[in-house]
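What follows is a short report on a single structure.
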Amino acid sequence: MRQVGSIFEAGQQASFERDAEQVLTQIRSVLSDLLGSLPERAHRPQEVTRVLKVDKKLGWKVANLVQTPDPFELAQHVPGRSGLKILLTAAKNRKVPQELLDRVQAAIHEYDRLIEVHAGDRATLEMMLVSRAKQGRERVDLEHRRAAFRSNSYIWGIQAKTQFRTYFLHPSEQEGLFDLVSLRGFVGLRRIRSGVPFALHRAKVVDDDGVQRRTFQSEWLDSEAAPEDSCGVPLLREFCTKPLPKVRRVTVRPGLVDYEIVEGQVGNTAMSTCVMGELVRGAVPRYREAHNERVELAMRVNTPCERLIFDQIIHRELFPKVDPRLSVYSELTGETPPLQLAQARIALPVFEQVNFLGRGRSILYSAEVPRYSEIADFVFNRFGWDSQEWDIYRVTMDFPPIPTSVVVSTDLPSPPS
């Protein structure tokens, strides 16, 4: 067995993965020996608690630490300083040999050195370790995303219960293209701090290489709405809270437009729901071509929200095979780069995936979006579409990270011969 400080010898080049694996494997080994030296069986959490006479939380940590095979995962179970002190005192009271207690102390010293050399503090080390774990990451990721939601709500001064995006993909009357109906909105949108404007949406369409080769004119789904009522924003008034939010249109640069809700009041009394909808005819190539091998439909997430819902509703005649894939890209450096600059796309690790819900309007339901089925019916009725001819794919994500682009990509079929 390694002695104290042996993996941190002067002049030895540090490798976090190597050092962490050795230190944590050592901790697991000596604590396993400690439990094995007790006069009674102590493998399960309740057994450790009873035999050592420690609290349930400490007993659970020690038992799980010993039984976890992945050293990067077991870091979540290493007790803190006070817990380790209680454990050693309890073990001494149960007549565990001093030589074994010294080995435990040596392993703890190694763990402290691991923190000092590679992280600086325990919380940072645990984040570095769990990011490399093979299991157990999903729960930890969600905990950090939940904490980020609360912090970002305070920092940015705004939050939402739900952000949703729904795309309907339908063959176009224009040969070789398909039409795109886009629904988007926020449920339970409220300000935490007054004087905060809010960007509802940014509009842009480009090819795989990032070049905007097509100009298009969108059509409002709410054909009776007057543009002056919402500053040119395609609100579906029937499904928005009243009074309608005051919105302004901001041209970032040619071809790039932001829609912002103007500054307003804070809290629940000013909480709002905004739903927008529009149609773009001949929006995207239906078949693979030189500059397009797949269709990527994106949902920009810049607002702290508790739940994200991203639906793709695809007409069954459009693609012979649909295998949509989910990616989440960082937008800290600006807009997500095009496909051909894949090395510049900073993909974030997520556990969510695209799920096939089935076919037809009957399954188009979401508890987080009030009247969602009615909104979908509005679209089907608007164009005289039969809902049974559509396949529905969904992504749901709790506390999505910001700023990001959530992207669902589908390979385009080859042109018919």
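Numbers below:
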quantity	calculated
Net dipole in debye of region 6-135 [+1 Lys, Arg Cβ; -1 Asp, Glu Cβ; about Cα centre; nearest 20]	740 debye
Compactness relative to 2.2 N^0.38 Å, alpha carbon Rg of region 282-417	1.13
Given charges at beta-carbon only (K, R positive; D, E negative), |dipole| of the chain in Debye	1640 debye
Convex hull volume per residue in cubic angstrom - Cα atoms of region 6-135	95 Å³
Local net charge near residue 148, Cβ-Cβ under 13 Å (Lys/Arg +1, Asp/Glu -1)	-1
Sum of side-chain charges, residue 24 neighbourhood, beta-carbon under 10 Å (Lys, Arg +1; Asp, Glu -1)	-4
Of 280, 396, 124, farthest towards positive along the dipole that unit charges on Lys, Arg, Asp, Glu beta carbons give the chain	124
Unit charges at the beta carbon, dipole of the chain: most positive-side option, 63, 369, 299	63
Charge tally in the Cβ shell below 9 Å around residue 250, where Lys, Arg are +1 and Asp, Glu are -1, residue 250 excluded	0
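Every number here is computed from the coordinates shown, using simple stated rules; none is lab data. Remember, it's a predicted structure, so these values are computed and weren't measured experimentally. Glycine gets a Cβ as well: all are built from the backbone with ideal geometry, and neighbour counts include every protein chain shown.
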